[in-house]
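Structure first, then comments.
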Amino acid sequence: MNFLAELRRRNVIRMAGLYLVGAWLITQVTSTVLPMFDAPVWLPRSIVILLAVGFVPALIFAWVFELTPEGLKRDAEVKPEESIAPQTARRMDRLIIAMLILALVYFAFDKFALAPRREAAMLADAQQPASSPQVRAKSIAVLPFTDLSPAHDQEYFSDGMAEEILNALAQIKDLKVAGRTSSFYYKGKNEDLREIGKALGVAHILEGSVRKQGEKVRITAQLIQASDDSHLWSQAFDGDLSDVFKLQEDIARAITDQLKVVLSDEQKTRLVPVATANADAYALFVEAQTLVRLRVGNALPSAIQKLDAALKLDPSFARAWSKRAVAYAVLAQYAGGDWQPNWDASEASASRALALDPNDAEAYAARSYNLFSQRRYADMVEPMQRALRLDAEDETARYWEVNELASLGRTREVLPRLDAMMANDPNNPRVMFYRAYMAWREGDRGTMLALGRRLEALGSPWADITLASYEGGTGDCDNGAKHFRGRMVMFASKISDAESDILFRGMCTGGAAREPAKAVLDAHPDDQFLPTLWIELGEPERAFAAFEHGATGISDGFLNWLWQPDDWSRKARQSPAFQGFAKRIGLVDYWKKYGWPDLCAPKPENGPDGFTCQ
């Protein structure tokens, strides 16, 4: 009797089928039920591990023992006339069929009934703030101002005026001011102001318009009580471009008077500092800062062009130098090009800004981000700490600090920072994107999906990155490929749409699809996201080599991928090659000085720089 026939006789093959079907069913049910009871993340993982470990013993048990009328006996002790193996086989066949039918019924019920409800519930939860605190009486949102200029060609300037007033109000310690991105989300939307106030958690809303004609400027502002859409105050402010800082100061003061905000001694002197004496330079700066926020497309080159024009008019304009430093710090990432010249231009701009104004927080933040991009991880900390000491609310510094901490694996420190930023600016796409990825790290794919959908509803390109990762991790390769193409376009990759599809299929399905995907990456050795793509394809050694010896400055886009819960990420951080790589590029020096990542710990028995990762 051959081996296969013996396996059949002893019902080992049937036991394997029964075990696998039962294990799949148990896994599906527990993954649905356990979250309802707030079970810890490790519990479903432990169940899967136990089921996997039990597979081989179950087969051995089926081989060694046989069921008889007297109970279980060792197969070797059962005489042929005592064996009821055929009857047992028929029972097992019926049980397998019943289990398969049950599994198919559950699969259909989950897909068409439970899953849509779960997704809708998760989306609804993510669209609501974590809590509903009482709205403070002294709180305000500044909506973008309408451009009423004769040619309607001053939109960036109008936006900039609103942002400058928002920034001035944000300096008042007794006043809560909603974040700029969330306030500006309502630009061009005919939304009920009561709903806007509720969504942003503010009691008051400032609307306005700007009419700029030649050197003349008229800013009209009106303060509205959000709870009942009633007008509290309105006023028009007229002046020349040279009076623009006085106009902003007058508007901010009028609002504080209306809201009965108590100003500190410093704020009693001035809310809006005079940044430049050149009105045309300031107008260019206001337009440029809006473009720097946009990042994508031609926004950054256009912003730099306007900043250069402003600095030609006023070389002592410190804020324009620091904004130029920010623009050059991220130019290569969003618009392509060589990193080193951009780093040089950014650092030179930051230095000029700090020479003119030693308290420019944004310039220090740009310097820190440049050091981060240059893989000088230990050096980046001091300028970032200095930036936040100078201005703890500076948006650029706060976002880049989160960026740096998350990339170095310190998720637990990042989460409260992100939650605080989202509470103040709930529609900020970049903050929302990072929060989605931190949820992914924590095993909370539901929040990741819900935030990805919110980003999609906002029309943000960050949705493509978030949803591509979610869909790739859940096996939705068709939708994932579509979002992955958007991700590649966002970062100016030269990999074509057709190649992106091949690449994503290799990541999503694995197996034979990985070879064509590898060929795509081999054909693009200079793509700045090559190291990240190799990690996602499950090739950590090639990823480390590409990052270490390549010229890319995308530390965040690469290092963040080391800390995700997926198998390819775990494979990378547990690779023996990661030990030497982390030391050579400066990660270990940073960790030893400032704290180890959540998923790694020092291992002294492997040497002074030894460590281990989960």
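Data table
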| read-out | value |
| --- | --- |
| Neighbour cut-off at most 12 other Cβ (10 Å), DSSP loop, trypsin sites (Lys or Arg not before Pro), the stretch 174-269 | 189, 260 |
| On Cα atoms only, tilt of 299-313 relative to the major axis of the chain in degrees | 20 degrees |
| Cα shape, the chain, gyration tensor, a/c 1.5 rule | prolate |
| Euclidean distance between Cα centres, the stretch 157-206 to the stretch 505-563, Å | 41 Å |
| Helical mean residue ellipticity (222 nm; -39500 (n - 2.57) per DSSP H run of 4+; nearest 500) of the chain | -19500 deg cm²/dmol |
| Global form of the stretch 277-391, assessed from the alpha-carbon gyration tensor, a/c cut-off 1.5 | oblate |
| Sorted by Cβ neighbour density within 10 Å, fewest at the top, the residues 555, 368 | 555, 368 |
| Net charge, residue 367 excluded, C-beta distance under 11 Å - Lys, Arg +1, Asp, Glu -1 | -3 |
| The stretch 139-274: C-alpha gyration tensor shape, a/c 1.5 cut-off, then a/b vs b/c | oblate |
| In degrees, nearest ten, helix 497-509 long axis to first principal axis of the chain (Cα) | 50 degrees |
| Gain upon complete extension [residue 413, residue 46; 0.36 nm per residue less C-alpha separation] | 129.5 nm |
| Listed pairs 187/494; 189/212; 176/246 exceeding 26 Å between Cα atoms | 187/494 |
| Summed side-chain charge close to residue 390 - residues other than residue 390 whose Cβ falls under 12 Å, Lys, Arg +1, Asp, Glu -1 | -4 |
| Reach of residue 312 by Cα under 18 Å, taken over lysines that are not fewer than 8 positions away in the same chain | 323 |
| Within straight-line cross-link reach of residue 603, lysines at Cα separation under 25 Å, skipping those fewer than 8 residues along the same chain | 571, 583, 592, 593 |
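Just so you know, all these numbers are worked out from the coordinates, no wet-lab data involved. Since the structure is predicted, the reported quantities are computational estimates derived from the model, not experimental observations. Reconstructed Cβ throughout: ideal geometry from the backbone, glycine too, with neighbour counts over all protein chains shown.
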